[in-house]
Structure formats: C-alpha cells, structure tokens
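Only one structure is covered here, and it is reproduced in the block below.
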Amino acid sequence: MASTNAPVLKLSGITKRFGKLVANDAISLTLARGEVLALLGENGAGKSTLMSILFGHYVADEGSIEVFGQPLPPGQPRAALAAGIGMVHQHFTLADNLTVLDNVLLGSEPLWQPFSRRS
C-alpha cells in the first residue's frame, strides 16, 4: 500500500544515453501533493526524453521512478497510465471537438472489452 506521506512523484538519478549523446544526466526531482512543477529548457535539453521515460516510452539507462512511494516499472506505458500518469505528446494533434481532458485520455481506453455473459 502506498504511503500517504510519500511524494506523488519521485525521479532519482535518471540517466538516458543515445550512443555517445547523454540526453538526461542523473536527473532527480520530487513532486509533493498539491505542488505544480514546470519543466523548462532549451530545445534539445532533454525534457521530452525525460517525460518519455516517465510515461514508459523509453527506459532509463540508470535511475528509478516512484509514484506515491511505489516503484514504476520501466518501459511500460500501461503501468504509467494505471499509476495516473498521462502524457500529451509534443507533436500531438488535438481533436477540436473534445475537451482538454478527453484529448489527454484519448487512446487510453480499451478498444475491445470482453462481452459479459448474462445470467
């Protein structure tokens, strides 16, 4: 069970390399309940790479991620979604007829749900 005192999100020592290029170098951050965090930086600073690691699109070469004190399995977007992590991609095309929330959730719904048997 997750601790109520645990940070909402904790990234510890996240490092990601692409060949000789170090995109993220030992990034650590903690997000407390009720806190808002902005991740700012120049183009190529590694912001999108870090968010892709958090969401499970990439696997960090080093480091760990916890959500409410529980380890987040690396490279598993479904685990990120189950932990309450969503991602609006940088080159994402929004559906104008949907709300902001609906756009964020778009694609996270199961496409096929098993039929339930009626008694």
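Coordinate-derived values only; no laboratory data. Predicted model, so just to flag it, every value in this text is computed and none were measured. Here Cβ is always computed from backbone atoms with ideal geometry, including for glycine, and neighbour counts include all displayed protein chains.
Across the alpha-carbon set of the stretch 9-87, the Rg to Rh ratio works out to 0.94, Rh being the Kirkwood radius. For Lys10, the aspartates and glutamates whose Cα falls under 20 Å of its own Cα, not counting residues fewer than eight places away in the same chain, are Asp25, Glu35, Asp61, Glu62, Glu66. The stretch between Phe18 and Gln76, if pulled fully straight at 0.36 nm per residue, gains 18.9 nm over its current Cα-Cα span.
Each peptide among 55-68, 35-48 gets the average number of other Cβ atoms lying within 10 Å of its residues, and from highest to lowest they stand as 55-68, 35-48. Available extension along the chain between Leu94 and Glu62 is 8.2 nm, counting 0.36 nm per residue and deducting the alpha carbon span. A simple spin-label model places the labels of Ala32 and Lys47 2.5 nm from each other, with each point 7 Å out along Cα-to-Cβ.
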